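**Student:** Here it is, the structure in full.
The values are calculated or read from the model by the stated rules, or taken from the named source; none is laboratory data. Given the structure is predicted, the values throughout are model-derived calculations rather than measurements. Don't worry about glycine lacking a Cβ; one is built from the backbone with ideal geometry, like all the others, and counts go over all protein chains shown. What goes into the accessible areas is simple: the full protein's heavy atoms, side chains included, and nothing from ligands, DNA or RNA. Shrake-Rupley method; radii C 1.70, N 1.55, O 1.52, S 1.80 Å.
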Amino acid sequence: MAVFVALGAFLMTLAGGWTAQRVTDRRHLVLGLAGGLMLGVVGLDLLPEALHAAHREIFGVPAALLLFVTGFLLAHLVERTLAARQAAHGGAEGEGHRAPEVGLAAAGAMVGHSAMDGVAIGAAFQVGGGMGTAVALAVIAHDFADGFNTFTVTSLYGNARRRAVGMLVADACAPVLGALSTAFLHIPGPVLGGYLGLFGGVLLYLAAAEILPEAHHEHPARSTLLCTVAGAAFIWLVVGISG
């Protein structure tokens, strides 16, 4: 049953990526929406789950929040390192010359998160049918946003469409594989919480430092801002319904 439900997440992820491809003539709106979706996922979904799963504190600060800050700084460090290396090899550093590796790494992190979504579906169905259904609905709903963001982020950093589609397909397959793995694998709560915190920091960096500035660079329109708000509100709706 868990694998069957994960197939719904597979289809929703592909639908999100397909939508991102079809609206390229409104790139600023796509980026604005993607930024809002990522902000909503981080603040309303990932961080609460991370804090709930990881109870440990380090010097009075929840470990999940420390890993959240670490993820943000790590994403910044990786991007700056790759950009500097690209500039040293003759590429121009700065706007419009982002390192494609950053986009692939970010998409890879989203694939990992989607796999964890599949694990969550499988674990919830082990608890009971009602719990499994609630978790499955939440995962399926926000996997549309995951597919949308995976394709958008990969393309934003200058990767070819073939690579963006490849990462989208990997992201779509990940929940199915994650659900299958629950028959053989149990992930401790603190480890899961730490992962979610770290991944949340990476996503927040991409949304705040890369995607939203790019969305408003050439088109600082009110419609772009409304798309960002709509993206965050959509995640809030999903979280509220699944709760």
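**Student:** Starting from the Cα gyration tensor of the range 168-224, multiply each eigenvalue by 5, take the square root, and state the resulting semi-axes largest first in whole Å.
**Tutor:** Value: 34, 16, 7 Å, ordered largest first.
**Student:** Expressed as a whole percentage, what fraction of the accessible surface of the range 162-213 belongs to carbon and sulfur atoms when a 1.4 Å probe is rolled over the protein heavy atoms?
**Tutor:** 78 percent
**Student:** Please identify the chymotrypsin sites (Phe, Trp or Tyr not before Pro) of the range 139-185 that satisfy two criteria: DSSP loop assignment and at most 16 other Cβ atoms within 10 Å. Which are they?
**Tutor:** On the way: sites: Phe144, Phe148, Phe151, Tyr157, Phe184; in loops: Tyr157, Phe184.
Answer in residue order: Phe184.
**Student:** Considering only DSSP states other than H, G, I, E and B, which GluC sites (Glu not before Pro) in the range 140-228 qualify as loop sites with at most 11 other Cβ atoms within 10 Å?
**Tutor:** For GluC sites (Glu not before Pro) across the range 140-228 that sit outside H, G, I, E and B with at most 11 neighbouring Cβ atoms in 10 Å, the list reads Glu218.
**Student:** Give me the 1.4 Å probe accessible area per residue for the range 165-224, excluding ligands and nucleic acids, in Å².
**Tutor:** Result: 46 Å² per residue.
**Student:** Using a 1.4 angstrom probe with every protein chain in place, what is the largest-first accessible-area order of Ile58, Ile235? Mind dumping the intermediate values first?
**Tutor:** On the way: Ile58 65, Ile235 5 Å².
The most accessible residue leads, giving Ile58, Ile235.
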